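Accompanying notes for the structure given below.
Since every read-out is calculated from the coordinates, none of them should be taken as a lab result. Keep in mind the model is a prediction, meaning the values are calculated, not measured. So basically every Cβ, Gly included, is an ideal-geometry build from the backbone, and we count neighbours across all protein chains shown.
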Amino acid sequence: MKRKRKTPKVIWRPWRTRFLIGLIAVGALALEGQVLYLQIFEKDFLEAQGDNRHLRTVQISAHRGPITDRHGEPLAVSTPVDSVWADPQALRPALDRLGELAQVLDLDPDWLARRVTSNLDREFVYLRRHLRPDHAARALSLGLPGVSTLREYRRYYPAGEVAGHVLGFTDIDDHGQEGMELAYDYWLAGETGTKRVLKDRLGRVMEDVELINAAQPGRTLATSLDLRIQYLAYRELMQAVQESDALSGSVVIVDVTNGEILAMVNQPSFNPNDRTQLEVSRYRNRAVTDIFEPGSSFKPLVVAAALESGAYSPDSIIDTSPGYLRVGGNILTEDYNNLGRIDITTMLAQSSSVGAGRLGLELDPDQLWSVLTSFGIGRLSDSGFPGESAGVLNDPQHWRPVGQATLGYGYGLSVTALQLAQAYSIIAADGIRRPVTMIANDGEASGERVISADSARALQTMLESVVSPAGTGERAAVANYRVAGKTGTAKKFVVGGYAEDRYLAVFAGLAPVSDPRLVAVVVIDEPRGEDYYGGLVAAPVFSRILSGALRLLAVPPDALEEPPLTVVAQAGVAP
């Protein structure tokens, strides 16, 4: 039988109780003292630490300045959007909920996980840019720590592809990338502001504390475009390119009185609101970047040089027999038939390349080059449009007889549609060269004289004969207006020489002749239908565009047909 073990008796000593109570009291006093010390002596430090954890300095986005046409119609505006961003360090405890966030933001869950976990050492990472505010609010409603939104602005173009090539577009950070958006980025861009805000533990803004710098919006840019004429030119060019099955086309319309570009369109076009269409082949402005040999549309400039030389007049005779042009041992060009001896006016009306080639050969190379360069050939225009080409015009010291002859009928050099329009504007302005511009101008612009007024007016009259029933440009006529212009049909240069089945159709002209107001150039690249001549493909486009544009601008007609006389018989009674 086991003996029961006795439980040791605990002896309670009062001093131990007092000792423990004393320790607790001392600790409490120490803590209270520390609290008082911090509250009284370290107050500023603690407030600064709290501010550092909850006060943040954030940017205030500034919206980009709007772009308008000459009448104030909006062409480019900025609309508010929200971008969702995250602080990966704060979001780290909620990584298991990234799938919910990916679903709300329409993102791939794996991509979002990589995006966050690979940037855990950063405090700011964009998750999705430029969402509608209501869409971005759904991401915030998840209550994930470190997920916030930032107000930004996205560019919107009300006219879409109608003015896309002129306006260009901006990147996702709202910086100009092409067109007017790029050329005037310094003018349109706003200045970002800053403010101090109070955020909660999830990174959400609870209160605006202080405005540090106010945001400065960009300035308005009023272009020279007339949206009514721009729409008209776009519609007619698109129809012409489709009907002729052409590769591309361009139209430029210039106000003669001040050099303003009222319309500039290209086909194929692109919609700057759709970023999937931002391909170089679609968004480049062919009217200022693409160069081509102008063919017969260049002949009036050579005639201008001949008139300026003082040795020729509109009635001067050029012998085009036997109907082809031989230089050295080469036959360079031939007319559709042997026109024989004709004056220069007939040479233009019938578009005799033989006559133009012989006229080019007879002119002094330096004098011819001087006149052509004064017309802007081989030089950048004054438009300031990004990516503009200067074209090609070789120095006369490198000219050979063959090259000088082909220059007479528009081969061996290259121009842009804008350059050709500027050159015809000089003829229309009685010999005055005004800078072409994409910015709205009030009143007439000053310029410099390029050729004499007599030479320019003589050319206007000569080019009017081209649009007569006896000329090659009859289809460019506009009812009730006198029109002057020149057709052009140029073979395209390919590897090994000029193609026999690839053409460029051109018409350049002005109206009304009595007091020129508008100049227009129409270029149709490689029409592949039955017709490919400039007088058959490009001239009708010119007619339809100018017919509408002259009426929109309320330009008075200068060729009203006389109403037919009617005889009204009145019966009477003999006295």
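Structure above, values below:
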read-out: Neighbour-count order for ILE451, ILE426, ILE342, fewest beta carbons within 10 angstrom listed first; value: ILE342, ILE451, ILE426
read-out: Residue order, fewest to most beta carbons within 10 Å, for LEU75, LEU31, LEU380; value: LEU31, LEU380, LEU75
read-out: 16 Å reach of a label modelled at ILE317, 7 Å along Cα-to-Cβ, counting backbone N of segment 325-345; value: 339-345
read-out: Taking SER297, SER244 and counting other C-beta atoms within 10 Å, the order from fewest to most; value: SER244, SER297
read-out: Segment 251-332: GluC sites (Glu not before Pro) in DSSP coil with no more than 10 other Cβ atoms inside 10 Å; value: GLU279
read-out: Cβ-derived FRET efficiency at R0 45 Å, THR57 paired with ALA30, nearest 0.05; value: 0.70
read-out: Correct option for percent of Cα pairs over 48 Å apart [calculated from the coordinates] among (i) 8; (ii) 38; (iii) 28; value: (ii)
read-out: Segment ASP134-ARG400, extension gain: residue separation times 0.36 nm, minus the distance between their alpha carbons; value: 88.8 nm
read-out: Stokes-Einstein diffusion coefficient of segment 298-431, Kirkwood radius over Cα pairs, 20 °C, 1.002 mPa s, in µm²/s; value: 140 µm²/s
read-out: Computed label-point distance, nm, for sites ASP366 and GLN239 using a 7 Å Cα→Cβ extension; value: 5.2 nm
read-out: Assigned charges on the beta-carbon of Lys, Arg, Asp, Glu; segment 382-511 dipole about Cα centre (debye); value: 340 debye
read-out: Reach of LYS491 by Cα under 18 Å, taken over aspartates and glutamates that are not fewer than 8 positions away in the same chain; value: ASP245, ASP290, GLU293, GLU334, ASP335, GLU500, ASP501, ASP525, GLU526, GLU530, ASP531
read-out: Only Lys, Arg (+1) and Asp, Glu (-1) charged, at Cβ; the chain dipole about Cα centre in debye; value: 5280 debye
read-out: Spacing of the two label points (7 Å from each Cα toward its C-beta) at TYR231 and LYS492, in nm; value: 3.2 nm
read-out: Projected label distance in nm at HIS71 and PHE19, using a 7 Å step from Cα toward the beta-carbon; value: 10.1 nm
read-out: Furthest towards positive pole of dipole, GLY376, THR276, ALA137, structure part the chain, Cβ charges; value: ALA137
read-out: Relative contact order (percent, whole number), segment 58-222, Cα cutoff 8 Å, 6+ residue spacing; value: 33 percent
read-out: Length-normalised contact order of the chain in % [C-alpha pairs under 8 Å, at least 6 apart]; value: 13 percent
read-out: Calculated [θ] (222 nm, deg cm²/dmol) that DSSP helices of n ≥ 4 give over the chain, each run adding -39,500 (n - 2.57); value: -10000 deg cm²/dmol
read-out: Cβ charges +1 (Lys, Arg) and -1 (Asp, Glu), total dipole of segment 58-222, debye; value: 380 debye
read-out: Computed lengthening from TYR126 to THR192, 0.36 nm per intervening residue step minus Cα-Cα distance; value: 21.9 nm
read-out: Length released on extending from GLU530 to SER452, taking residue separation times 0.36 nm less the Cα-Cα span; value: 24.0 nm
read-out: Built amide H within the under 5 Å cut-off of LEU75, gap 5+; value: ILE67, THR68, ASP69
read-out: Global geometry of segment 58-222, whether rounded, prolate or oblate, following the gyration tensor of its Cα atoms and the 1.5 cut on a/c; value: prolate
read-out: FRET efficiency estimate (nearest 0.05) - Cβ-Cβ, GLN177 to THR461, R0 60 angstrom; value: 0.85
